[in-house]
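Here, each number is a calculation from the coordinates, and none is a lab measurement. Everything numeric in this text was worked out from a predicted model, so none of it was measured. Because the Cβ atoms are built from the backbone with ideal geometry, glycine has one as well, and the counts that use them run over all protein chains shown.
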Amino acid sequence: MKQSKLKIDSIEKLESNTFLISLKSNQSNEVITPGQFYNIKVSDNDFPLLRRPFSICDFINDRLYFMFDIHGEGTKMLSQKRIGEELDLLGPLGNGFDLSGDFDTAIIIAGGIGAAPFPYLIRKMPENKNVVSFLGAKSKSAVVKYGLKKIFISTDDGSEGFHGNVVHLFKSKILDFVDKKIKIYACGPTPMLISLQEFVIQNKIDCQISTECSMACGFGICQGCPIEKSSGDGYLLVCKDGPVFNANAVKL
Ligand SMILES: Cc1cc2nc3c(=O)[nH]c(=O)nc-3n(C[C@H](O)[C@H](O)[C@H](O)COP(=O)(O)OP(=O)(O)OC[C@H]3O[C@@H](n4cnc5c(N)ncnc54)[C@H](O)[C@@H]3O)c2cc1C
Ligand code: FES
């Protein structure tokens, strides 16, 4: 983990509330695992005081990409940045997804901006693995397909694709994968992850989930991001032990 100041190379609006920002890194050989995140200072003054965590969306040559939704003040400020301005970053932080394992098909399940870590995961996935993506959004205007492959879409209001949530969509397609060895990679709102967690545990499906919580330090010092172990014997820290966990390892 290190602190760096990187220049904004591009910033674009992908959808009504979703932005993609790229930063020119001076370290093209930086080792970054998909699912890791950076804690970014979104302003040059004291407000907001805390950095905001963002998953690495992609890392190509010497460029780091982050995809984000405007959520509150911090992300609004980030969306108003201009090319050439500098951002102060801490990272890469956290553990990231495990791309190894006995599977032939990687299934991505993403809810909303939970799609952010997957362009980089897809880029780093071994070539002999098939990748299929399930992407859920509130409505058509919030569907962001950036960097995904072989996409099935669901929307809560039925304005595009399957009418319902993305876990229901995945369950409706499960028979397509009966002759495959699958591993699921998921990120999205906690209710989505809870519903997926129940399904994969019942069906003994290998699944990793990227969890979200409010963070302060981002690297294990403040103890501000505990998550209970499913065994009941204590807590892990989302920022340091996660944000990616095996679906059966934590209580959401
Ligand atoms: C590991 C990790 C990776 C993330 N990756 C992305 C990403 O790639 N793209 C993206 O758009 N968002 C991502 N988020 C969520 C993002 O950090 C929040 O949307 C952002 O911090 C909100 O800041 P704000 O000032 O706009 O909102 P406010 O609501 O003003 O923030 C207030 C406080 O709550 C915290 N907070 C609010 N909502 C969240 C949330 N959903 N998750 C965590 N902290 C929150 C903020 O850190 C801040 O301390 C990630 C969160 C985590 C934990
Ligand atoms: S955010 Fe400080 S310990 Fe996790």
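Remark: spin-label model distance D62-N246 equals 4.0 nm, labels positioned 7 Å along the Cα→Cβ axis.
Comparing Y38, Y146, Y120 in a Gaussian network model of the chain (Cα springs below 10 Å), the most mobile by mean-square fluctuation is Y146. The residues neighbouring I83, those whose beta-carbon lies less than 14 Å from its own, together hold a net charge of +2 under the Lys/Arg +1, Asp/Glu -1 convention. When the helices of the chain are scored as -39500 (n - 2.57) per DSSP H run of n ≥ 4 and the total is divided over every residue, the value at 222 nm lands at -3500 deg cm²/dmol. Taking a ≥ b ≥ c as the square roots of the eigenvalues of the Cα gyration tensor, the chain is prolate, since a/c reaches 1.5 or more and a/b is larger than b/c.
Residue separation times 0.36 nm, minus the C-alpha to C-alpha distance between E30 and I174: what's the value?
Stretched fully, the E30-I174 segment lengthens by 48.1 nm.
For R63, the shell of other residues with beta-carbons less than 12 Å away shows a net charge of -2, using +1 for Lys and Arg and -1 for Asp and Glu. Starting from the Cα of I151, step 7 Å along the direction of its Cβ; do the same at D102; then give the gap between the two resulting points in nm. Label at I151, label at D102, 3.4 nm between them. With both residues required to sit in the chain, DSSP beta bridges show an antiparallel share near 60%. When both bridge partners sit in region 116-252, DSSP labels roughly 35% of those beta bridges antiparallel. For the pair S230 and H163, label points projected 7 Å from Cα toward Cβ lie 3.4 nm apart. Tilt of helix 190-202 relative to the longest C-alpha principal axis of the chain, in degrees (0 to 90, nearest 10)? Between helix and principal axis, roughly 40 degrees.
For region 64-117 versus region 196-252, the spacing of their alpha-carbon centroids is 18 Å.
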